[in-house]
Amino acid sequence: MTPKHDKHEQAKWIRELRATDEGRRLLEEERVVFEAMEAIAELMQSQGVSRSQLAERLGKSAAFVTKLFERREQLHPSHAGRCVFRTLGGPSM
């Protein structure tokens, strides 16, 4: 769990994560997910697709898509692929 408010606590937490292989793996996973969500957001913007439109295209609730972007829902590779495919206008399944 990320310390939310104290920057010194956050820095300490990140140093502790970087000190172990498992921690470095977790940080790398977070980086990859962050970059994927950024790419999806940029694609949505370039295609003029809102979060609610994406939710409809995915057959998911708007709350689900909001949770993905707020990182309260885990982004699975299949979710990322579907987000990109549906943003580009691929048919619903």
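The values are calculated or read from the model by the stated rules, or taken from the named source; none is laboratory data. Because the structure is a prediction, the values reported are computed rather than measured. Every residue, glycine among them, receives a Cβ derived from its backbone with ideal geometry; neighbour counts consider all protein chains shown. Protein only, heavy atoms only, side chains kept; ligands, DNA and RNA dropped before computing areas. Shrake-Rupley method; radii C 1.70, N 1.55, O 1.52, S 1.80 Å.
Overview of results
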{"item": "With Cα atoms, 0 to 90° folded angle of helix 21-47 axis to the chain main axis", "result": "30 degrees"}
{"item": "Degrees, to the nearest 10: 7-18 long Cα axis against longest axis of the chain", "result": "90 degrees"}
{"item": "Spin-label pair ALA62/LEU26, simplified geometry with 7 Å Cα→Cβ offset, distance in nm", "result": "3.4 nm"}
{"item": "Extension reserve of the GLU42-VAL84 stretch, reckoned as 0.36 nm per residue once the Cα distance is removed", "result": "14.1 nm"}
{"item": "LEU88 accessible area, 1.4 Å probe, all protein chains in place, Å² to nearest 10", "result": "100 Å²"}
{"item": "Protein-only accessible surface order, largest first, of ILE14, ILE40 at 1.4 Å", "result": "ILE14, ILE40"}
{"item": "Most mobile of GLU35, GLU73, GLU22 in a GNM of the chain (Cα contacts under 10 Å)", "result": "GLU22"}
{"item": "Rounded tilt (10° steps) of 77-87 against the dominant C-alpha axis of the chain", "result": "40 degrees"}
{"item": "Qualifying trypsin sites (Lys or Arg not before Pro) for the stretch 1-55 [loop in DSSP, other Cβ within 10 Å: at most 16]", "result": "LYS4"}
{"item": "List THR66, THR87, ordered by accessible area with a 1.4 Å probe, largest first", "result": "THR66, THR87"}
{"item": "For the stretch 14-93: relative contact order, % (alpha-carbon pairs under 8 angstrom, 6 or more apart)", "result": "28 percent"}
